[in-house]
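The values are calculated or read from the model by the stated rules, or taken from the named source; none is laboratory data. Just so you know, these numbers come straight off a predicted model, no measurement behind them. We place every Cβ from the backbone using ideal geometry, glycine too, and count neighbours over all the protein chains shown. Side chains are part of the model used for accessible areas, which takes the heavy atoms of the whole protein and leaves out ligands, DNA and RNA. Shrake-Rupley method; radii C 1.70, N 1.55, O 1.52, S 1.80 Å.
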Amino acid sequence: MTKARCLTEFAGLAPLRSTQLPRTSKSFMNPPELDEPLATLPGVGPTLAAAAKKIGIETLGDLIFHFPSRHEDFTSQKQIGELKLGEEATVRCMVQKVALQRTRRRSLRLVKAMVKDETGYMEAVWYNQDYLAGQLTAGDELLLRGTYEGAGGSIYKVRSHEVLAKRGSGPDASEGLQGGAVPRDAGGLTPVAGLHTTGFVPIYPTTEKISVKRLRGWLGRVRPLAARLADPLPSALRAELMLPLRPDAITAMHFPRSAQDFRTAEGRLIFEELYLMQVGLLSHRQRFRKKRQGMALREVGGLTKDFVRSLPFKLTDDQFRVCEEISTDLRGEAPMQRLLQGDVGSGKTVVAVYAMLRAVEDGRQAALMAPTEVLAEQHYYSLEQMLGTLGVRVAFMSSRLKTAERKALLHALAAGEIDIAVGTHALIQKDVTFRQLAVVVVDEQHRFGVRQRDELADKATRKGVTPHVLHMTATPIPRTLALTLYGDLDVSTISSLPAGRQRIRTWLVPEVKRSGAYGFIREQLDAGRQCFVVCPLIEESEALEAKAVESEAERLAGSEFAGYRVAVLHGQMPSRAKQETMGRFAAGEVQVLVTTTVIEVGVDVPNATVMLVEEADRFGLAQLHQLRGRVGRGEHESCCLLFGDPKTDSGEQRLSAMTTTADGFALADIDLEIRGEGQLFGARQSGLPDLRLARLARDQEVLKLAREKAFELVETDPELKRPENALLRDEVERVFGDSIEWLRRA
Ligand code: ADP
Ligand code: MG
């Protein structure tokens, strides 16, 4: 019953259409007029076309998809005799006489028209629209929207009006129409009556050149075209979810009959948007798997078990579960493409080692790649420590190797004398060959999109065999965003930290307490601890940033931290110097490290207990959380001191979230809410497609449903080759093809 109602009584359009199946093949195609330029509409010249282009409207199709920001409810319609004081209503009436009236206040001029219908008379009033006095004439038929008020006799204040017919409607009259009483674009062809005064009237974001009345006029014209749109959603799915047809939904977005109409329409289009995106991502994933041959590894063997037993701690439940998930992937023929996300310090490295050992115990090799040399070297040392006693051969491919050393290393890799190689992306460049590379782990890979992931797989592919890849990220991203950014990957999450972690206390320090903060840090240093000082972010130039770091270090060394060992670390230093400084800090020789965000990821110095961030309001939440994750990694209680004077509400919200929330995932959700997905990631850079209506923070449930349904579809028709999915495939390509194509191109 509900189903029938929903499908047939929606948006006042073509009732029963959706049940009139089968449709002719023609109805599966979008009308070709969609691609026609806006200028095909009467009254749209080059100036207007250019102005429209600025807001993204070039074709009639663009226009149809230019949705209103809200509606005004102009549904109530009354006759003059029925109007009550204070009531707002739409009235259809005829002009008796018109007069322009000046008032004592210079800024206020009134146009007054005596209007009537068969139930009575009233005086309609416009404020400061003098030109109307010349345009309205006795006998004109009007639709008025306004409020009936008592002040100074009974008057009707007009909010919006339209001329339905001019008296006589001769050539003079149409002049009048063109003149502005009704917007120019509503002249010429049959204007759509009631667009501005009846029903739910759409409010569009406007520009100086393109008024809301103009947009309404245009949309009123293309409405019949919208009604001929094809529907990319499979009809079975539409029926199952009780979604209206696309043409009906689009029409109802502009001209709903009720608030519910609009919500239903919007719901359908949000679902469609997310569904198309998920279908795009999942079919990409499917093609990837089909195209590539992986290496099925044997069951878990002795080496992995020994490793787990050798650890000084027990795996957390999350670590254990993720290891299982990975194991299952590794046994499969398709190459693994899995994202492991886990907050800073959640213990991803152990999981990575587990995955790599699965390759080693099968007689194959693994590679661990990090985005920077500093991080790669750290990984190398911790792997040595963990695996030394197990007889696993680990090598570090540093960029500092001498030619002969490098040659020897390459030879050993090719001969299979090395089990695990650690390095940067240089590890999988052309001249590096492995005997049998089965597992690749990519640490901190969160800044990369679909394209780079495919590229990585391409590079690692040898003799047609693609290794399993585990991507790891410590930038917790909300699940919804993960599903869009990493929709082509399987995602594993470690959400709980190992037991017994030190809580990191975070304070927002007011400027007046600055010297007190330094005093506190000196106490920590005297107790043998170490400290990071992160200087303000200077996005324009790394050189400026480096300078700021150096001068701050100088200042501190000469004042607050005189007598302590202070060093600098920034992106402009040669990598050798960076390495050396990090080494001295890790060894405790340096007590205060003044730095930029180069230390944002991975750095692991358990003795560091204070993270001081200058101008913290300029950093993103994820970044602050990452920075904070550099302390609290050992047995000592740690803290994070944030300086900064937020100049915006969102800056303030971010900083206060930092002080109250320790959980990276919760922070990520807050960040998404504060900033919206557009700003979280540069859309292009990250491969996040533009979303027109859907908002990830708000539409999580819809996204889940869309993903579920996309999975079902891709299972049965992986490449969307079935005729009933042809339109869907076209639409996916049209809407997201660009981003997916772009992402795939090298
Ligand atoms: P991240 O996920 O940030 O890369 P790491 O893998 O570097 O975190 O782990 C952080 C610290 O936690 C390391 O010192 C590691 O030895 C320790 N650790 C990892 N797993 C556990 C566990 N299950 N119990 C206790 N400590 C753990
Ligand atoms: Mg790590």
Name the long-range amide H neighbours of Phe74: under 5 Å, sequence gap of 5 or more, or other chain; modelled H, no Pro or chain starts. Gly199, Phe200, Val201
What ³J(HN,Hα) values, in whole Hz, does the Karplus curve 6.51 cos²θ - 1.76 cosθ + 1.60 give for the stretch 387-393 when θ = phi - 60°, with x put for Gly and Pro? 10, x, 6, 8, x, 8, 8
Which distance in Å, rounded to a whole number, links the C-alpha centroids of the stretch 82-143 and the stretch 259-327? 65 Å
Per the 1.4 Å probe, what fraction of the accessible area of the chain, in percent, lies on carbon and sulfur atoms? 51 percent
Ellipticity estimate at 222 nm from DSSP helix runs (n ≥ 4, -39,500 (n - 2.57)) divided over the chain, nearest 500: -12000 deg cm²/dmol
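How high is the relative contact order of the chain, given as a whole-number percent (alpha carbon pairs under 8 Å, six or more residues apart)?
12 percent.
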Exactly which GluC sites (Glu not before Pro) in the stretch 535-621 are in a DSSP loop and have at most 14 other Cβ atoms within 10 Å? Glu539, Glu540, Glu589
Please arrange Tyr564, Tyr127, Tyr156 by accessible surface area, largest first, computed with a 1.4 Å probe and ligands excluded. Tyr127, Tyr564, Tyr156
Just want the answer: with Cβ charges of +1 for Lys and Arg and -1 for Asp and Glu, which residue in Phe200, Ala236, Gly217 is farthest toward the dipole's positive end in the chain? Gly217
If I model a spin label as a point 7 Å beyond the Cα along the Cα-Cβ vector, how far apart are those points for Glu733 and Glu208 in nm? 4.2 nm
Per the C-alpha gyration tensor (a ≥ b ≥ c, the square roots of its eigenvalues), the stretch 319-378 is rounded if a/c is under 1.5, else prolate if a/b beats b/c, else oblate; here it's oblate
Highest-first arrangement of 359-367, 74-82, where packing means the average Cβ count within 10 Å: 359-367, 74-82
Fully extended, how many nm does the chain gain between Arg263 and Ser495 (0.36 nm per residue separation, minus their Cα-Cα distance)? 80.0 nm
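In what sequence, highest mean first, do 638-646, 232-240, 304-312 appear when ranked by Cβ atoms within 10 angstrom?
638-646, 232-240, 304-312
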Please go through the stretch 489-556 and write out the trypsin sites (Lys or Arg not before Pro) that DSSP classes as loop and that have at most 11 other C-beta atoms within 10 Å. Arg503
Within 10 Å of each candidate Cβ there may be at most 12 other Cβ atoms; applying that plus a DSSP loop requirement, which trypsin sites (Lys or Arg not before Pro) in the stretch 701-734 survive? Lys721
Accessible surface, the chain, averaged per residue in Å² (probe 1.4 Å): 45 Å²
Starting from the 7 Å offset along Cα-to-Cβ, what nm value, one decimal, do you get for the label separation of Leu311 and Arg393? 2.7 nm
By its C-alpha gyration tensor, with a ≥ b ≥ c as the square roots of the eigenvalues, how is the chain shaped: rounded for a/c under 1.5, else prolate for a/b larger than b/c, else oblate? prolate
Once you've got the Cα coordinates, tell me which of Lys116/Lys157; Lys348/Lys647; Lys402/Lys463; Lys78/Lys166; Lys305/Lys459 are over 26 Å apart. Lys348/Lys647; Lys402/Lys463; Lys305/Lys459
Output ³J(HN,Hα) for the stretch 259-264: one whole-Hz value per residue in order, computed from phi by the Karplus curve 6.51 cos²θ - 1.76 cosθ + 1.60 with θ = phi - 60°, and x for Gly and Pro. 4, 5, 3, 5, 4, 4
How much length is gained if the chain between Thr661 and Tyr127 is pulled fully straight, taking 0.36 nm per residue apart and subtracting their Cα-Cα distance, in nm to one decimal? 187.0 nm
Among DSSP beta bridges lying fully in the chain, give the percent that are antiparallel, nearest 5. 40 percent
On a 0 to 90 degree scale, rounded to 10, what angle separates helix 664-680 from the longest Cα axis of the chain? 50 degrees
In sequence order, calculated HN-Hα J values of the stretch 369-381 (Karplus, 6.51, -1.76, 1.60; Hz; x Gly/Pro): 10, 10, x, 10, 4, 3, 5, 4, 5, 4, 4, 4, 5
Anisotropy class of the stretch 355-451 from Cα gyration tensor, a/c 1.5 cut: rounded
Just to confirm a number: summing +1 for Lys and Arg and -1 for Asp and Glu over residues other than Pro574 whose beta-carbon lies under 12 angstrom from that of Pro574, what do you get? +1
Among Phe271, Tyr381, Thr473, the residue whose Cα sits farthest towards the positive end of the charge dipole of the chain, when +1 is placed on the Cβ of each Lys and Arg and -1 on the Cβ of each Asp and Glu, is Phe271
Search the structure for amide H atoms under 5 Å from the amide H of Arg393, placed 1.01 Å from N in the peptide plane, and list their residues when 5 or more places away or on another chain. Asp419, Ile420
If r is the Cβ-Cβ distance from Ser515 to Arg576 and R0 is 22 Å, what FRET efficiency results, to the nearest 0.05? 0.05
Determine the dipole magnitude for the chain: charges of +1 sit on the beta-carbon of Lys and Arg, -1 on that of Asp and Glu, nothing else is charged, the reference point is the Cα centre, and the result goes in debye to the nearest 20. 1200 debye
Built amide H within the under 5 Å cut-off of His471, gap 5+: Arg338, Leu339, Leu340, Val442
Label model pair Met114, Arg102: point-to-point distance (7 angstrom along the Cα→beta-carbon line) in nm is 2.4 nm
